[in-house]
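The values are calculated or read from the model by the stated rules, or taken from the named source; none is laboratory data. This structure is a prediction, so every number in the text was calculated from the model and none was measured. Reconstructed Cβ throughout: ideal geometry from the backbone, glycine too, with neighbour counts over all protein chains shown.
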Amino acid sequence: ARAHVTRAMLSVLTEIVEQIATLEAQIAEQLALHADAHIFCSLPRSGTVRAARLLAEIGDVRSRFPDAASLACLAGVAPSTRQSGKHKAVTYRWAVNKELRDAVCDFAGDSRRANPWAAKIYNDAIARGKDHPHATRILARAWLGVIWRCWQDGTTYQPDQHNALQAVLAA
């Protein structure tokens, strides 16, 4: 009986793997056709699916985000400040595009493994007592500034022109 169950599970898993491969091929094909694909594919450890997800969530209407801060706020990686009289509170931003936040934080969390600048921002946040999700959002906010500039200029991410990265590498 266990052998039959195992064979049934194996056939289901084989089918799922085939479907995933088909979907990844379709995503790669659609990404290659997009005019901004080169921007998102140039980011460290972006990969095809991650680059496509970032592009899909950010979109291609540049006037939608007049500055990097507006993109960071919609993505939920900028803190929310509430003030009433003398009381001021800085809190987690809840009313955001959760898919965009997830895409940006997924990218940022993995980028620290390939980019010394990203690793430094993350490690500094951890050293200040932030937990992993908060440190990842801090890093995501920093990356959105870089991504927004590249996106607005229509240029790829070039590590040799990223001054903050060069300063970390020189230190």
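Computed values, structure above
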read-out: The range 128-138 - residue that is in a helix (DSSP H, G or I) and of a type outside the set (S, T, Y) and, of those, nearest to the chain's Cα centre (by Cα); value: R137
read-out: Qualifying residue in the range 58-66 (condition: closer than 23 Å to Q166 by Cα and of a type outside the set (F, W, Y)); value: no
read-out: Within the range 87-118, tally of residues that are aliphatic (A, V, I, L, M) and surrounded by fewer than 19 Cβ atoms within 10 Å (Cβ to Cβ); value: 5
read-out: Some residue of the range 70-80 being surrounded by fewer than 16 Cβ atoms within 10 Å (Cβ to Cβ) and under 18 Å from the mean Cα position of the chain (by Cα); value: yes
read-out: Output for the range 139-171, where each listed residue is part of a helix (DSSP H, G or I), β-branched (V, I, T) and either touching a His at 6+ places or on another chain (Cβ under 7 Å) or modelled with pLDDT of 90 or more (or both); value: V146, I147
read-out: Check on E24, part of a helix (DSSP H, G or I), under 25 Å from R113 (Cβ atoms) and outside the structural domain of P159 (by TED's automatic domain parsing); value: yes
